[in-house]
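Engineer: Attaching a single structure in structure tokens format; questions to follow.
The values are calculated or read from the model by the stated rules, or taken from the named source; none is laboratory data. The model shown is predicted, which means the values in this text are computed figures rather than measured ones. Heads up, the Cβs are rebuilt from the backbone with ideal geometry, glycines too, and the neighbour counts pull from every protein chain shown.
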Amino acid sequence: MEQFLKRLDHLGIAVRDLAAAMATYGDSLGLTEWEIIDMPERSMQVAVGRVGDTLLELITPTSPAAAFSKFLDERGEGIHHIAYEVDNLAAVLAQLEASGVRLIDRTPRPGIHNTSIAFIHPKALVGVLTELVEHAR
């Protein structure tokens, strides 16, 4: 299979307290500039920080029924997913599906910052939930 990953786009980190997590990253690593994005349709709030060309997403659930609530209850705070940028997400997903890679999303869906996203099941990639991101051109 041809290599289609362009770069590391972002890391998603599940946190219980967004303000406390932002303060920790500020106090410990000097990361103090954050964009706060409310996503009521997904029952979560995201703080986005920039480290060079890579984003750091601190993600907290806003409802006990949110997927991130279940993740935090089962695993605690920590890395939730890793995301890579790709050029043509729909074509990449078709190629992965044809190759038998287990996908969570078979078609792209909207992401933050006018992106399209899709997830690969963690069982397909040694336990790592992997997000693919296509930026609008």
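Engineer: Report, by residue number, each residue of segment 57-74 that is under 17 Å from TRP34 (Cβ atoms) and assigned to a loop (DSSP other than H, G, I, E, B).
Structural biologist: Matches in segment 57-74: THR62 only.
Engineer: Same structure, new question: Taking the conditions exactly as written (within 16 Å of ALA14 (Cβ to Cβ), surrounded by fewer than 19 Cβ atoms within 10 Å (Cβ to Cβ) and at pLDDT 95 or above), does ILE37 satisfy them or not?
Structural biologist: yes
Engineer: Return only the number of the condition from (1) within 17 Å of HIS113 (Cα to Cα); (2) in contact with a strand residue (DSSP E or B) (Cβ under 7 Å, 6 or more places away or on another chain) that ARG50 does not satisfy.
Structural biologist: Against the list (1) within 17 Å of HIS113 (Cα to Cα); (2) in contact with a strand residue (DSSP E or B) (Cβ under 7 Å, 6 or more places away or on another chain), ARG50 comes up short only on (2).
For every residue, the table says whether it meets (1) loosely packed, with under 12 Cβ neighbours inside 10 Å; (2) touching a Ser or Thr at 6+ places or on another chain (Cβ under 8 Å); (3) more than 22 Å from ILE120 (Cβ to Cβ).
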{"position": "SER28", "(1), (2), (3)": "yes, no, yes"}
{"position": "LEU31", "(1), (2), (3)": "no, no, yes"}
{"position": "GLY52", "(1), (2), (3)": "yes, no, yes"}
{"position": "ALA66", "(1), (2), (3)": "no, yes, no"}
{"position": "PHE71", "(1), (2), (3)": "no, no, no"}
{"position": "HIS81", "(1), (2), (3)": "no, yes, no"}
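Engineer: Would you pick out the residues in segment 111-125 that are surrounded by 15 or more Cβ atoms within 10 Å (Cβ to Cβ), of a type in the set (S, T, N, Q) and without any contact (Cβ under 8 Å) to a residue 24 or more places away in the chain?
Structural biologist: THR115
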